[in-house]
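Each reported figure results from applying straightforward, stated rules to the coordinates on display, with no laboratory input. In this text the structure is predicted, and so the values were computed from the model without any measurement.
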Amino acid sequence: MALSTGQALLAKQEAMAFLANAKPAIQREMKQLFGYLADHRLNLDLEFVAFADLTSDTVIADAANQVIAIYLKKQATSTAAIFKANDHATVGGSTTIVIAQELNASGDEFLLTYPDGWAQGTGFTCSSQTTTAGDTDSTSGDGPDGFVLIQDA
């Protein structure tokens, strides 16, 4: 599954459609990110990768890449879920975690942006688990929906 990047405009259209019902502050931040990319990162190719009901390891990219943005929205439960991202091509794991974001309340939304890219050496795999240090996957309905914007390394 090599990266399948395309014009940034197409990724922008997909991202903004996904965020149609997001909080206005999230929508505004995403528009500002794309404005920055248009002004300062000319001819940037991106890939939009959506996920839903994230629980177990989900491969976003199986090759070196740079993360530009991560959007997370907690589903309608109050059970805590910890979004974890790993610099790995096939599986997540506590030894390769590069970021963890706790989502506690129903409808929690987060947009993590990396305008100049966040390098991942081997891939990018995401999961949702019950604790930061543990390896127990969240149950269906507790993990977030969202997407990741990536570019070639």
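At a glance:
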{"item": "Using alpha-carbon coordinates, inclination of helix 24-40 to the longest axis of the chain, degrees", "result": "40 degrees"}
{"item": "Prolate/oblate/rounded call for the stretch 33-94, Cα gyration tensor, a/c under 1.5 rounded", "result": "oblate"}
{"item": "Alpha-carbon centroid distance for the pair the stretch 42-67 / the stretch 114-145, whole angstrom", "result": "11 Å"}
{"item": "As computed over the stretch 6-152, the Cα convex hull volume per residue (Å³)", "result": "88 Å³"}
{"item": "Per-residue [θ]222 nm for the chain (sum of -39500 (n - 2.57) over DSSP H runs n ≥ 4, rounded to 500)", "result": "-6000 deg cm²/dmol"}
{"item": "Whole-Hz couplings from phi, Karplus 6.51/-1.76/1.60, listed for the stretch 100-106; x for Gly and Pro", "result": "9, 10, 7, 10, 9, 9, 4"}
{"item": "Debye equation applied to the C-alpha atoms of the stretch 1-41, log10 I(q)/I(0) at 0.17, 0.18, 0.28 Å⁻¹", "result": "-0.50, -0.55, -0.98"}
{"item": "Estimated vicinal HN-Hα couplings, Hz - the stretch 144-153 in sequence order (Karplus 6.51, -1.76, 1.60; Gly, Pro = x)", "result": "x, 9, x, 7, 10, 9, 10, 9, 4, 5"}
{"item": "Cα shape, the stretch 79-153, gyration tensor, a/c 1.5 rule", "result": "oblate"}
{"item": "Computed over the chain: relative contact order in percent, which uses C-alpha pairs under 8 Å that are six or more apart", "result": "35 percent"}
{"item": "Percent of C-alpha pairs per 5 Å bin, the stretch 1-80, short to long", "result": "3, 12, 22, 23, 20, 13, 6, 2, 0"}
